[in-house]
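The values are calculated or read from the model by the stated rules, or taken from the named source; none is laboratory data. Here the structure is a predicted model, which is why all the values come from computation and not from measurement. Ideal geometry is used to build each Cβ from the backbone, glycine not excepted, and the neighbour counts take in all protein chains shown. These area figures cover heavy atoms from the full protein model, side chains too; ligands, DNA and RNA do not enter into them. Shrake-Rupley method; radii C 1.70, N 1.55, O 1.52, S 1.80 Å.
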Amino acid sequence: MPDLCIVIQKQMSNILKIGDKAMKKIMMMAMMMAMAISAKAMSYSAAKHEALFLSDKMAYELNLTAAQFDDVYEINLDYLMSVNGYSDAYGKWWNRRNKDLKYVLTAYQYEKYMKLNYFYRPLSWEKGAWSFVVYNHYKNKNHFYNGNPKGYSSYKGGNNKKSDRFYADRNSHKQNGKRGNDRKANGNGSVSRNSSSNHHALAHNNNSSRSGGIIRSGRR
């Protein structure tokens, strides 16, 4: 009889262990489903603002030309507008973003981009909301290094829904990309923006050439 009791206790213990594992698995699945449901696509205005901030910092650190800056803004906006849930952040649309950027950037710029995690993996999910990793490095959200890209007011997104070679013909932009002039960004921008001023004043004007390098506001 004592032996039988020991056997029963062991069996009960095994059942409880299996139950714990199953319960943990169910709880994990429920959490992931809740995250997927809670996470939703950004509005156009929110995506536009975040794409501008991210692209501005990429332009500064990767030393983009004006033409590259225009394309990078479009690519970042497309990516942010296409993320509809937690699983999208580093899935199909992230891969498309990287493919498009590879067409637009020089080999040197792209290699550097991949090493900077706040550019390469710009989104995270924290406390039930999207978090933008770039703000961990650039603390001041109102400082910008550049004026607006050409398509800031007109581009509504959608190039990443077209041919996956849409930016392939932009290889000519790479010829103007400057190499080897690394900048160590300290998170302080050069253009302060607020609602009382001309928000996002353009640094590009009608008399400037967009192919010879980006026109920067303030400190270089």
Under 6 Å by Cβ, and 6 or more places apart or on different chains, what pairs join a residue from the range 140-155 that is of a type in the set (Gly, Ala, Ser) with one that is in a strand (DSSP E or B)? none
Quick test of your reading of the structure: TYR90 fulfils all but one of (1) assigned to a helix (DSSP H, G or I); (2) out of contact with any Phe, Trp or Tyr (no Cβ under 7 Å at 6 or more places or on another chain). Name the failing condition by number. (1)
Out of the residues in the range 41-71 that are closer than 18 Å to HIS143 by Cα and among the acidic types (Asp, Glu), state the one that is surrounded by the most Cβ atoms within 10 Å (Cβ to Cβ). ASP56
Out of all the residues in the range 130-144, is one or more out of contact with any Pro (no Cβ under 9 Å at 6 or more places or on another chain), at pLDDT below 95, open to solvent by less than 30 Å² (accessible area, probe 1.4 Å) and closer than 20 Å to ALA46 by Cα? yes
Residues of the range 86-117 being within 15 Å of the chain's Cα centre (by Cα), open to solvent by less than 10 Å² (accessible area, probe 1.4 Å) and within 22 Å of ASN136 (Cα to Cα), which ones? ALA89, ARG97, TYR113
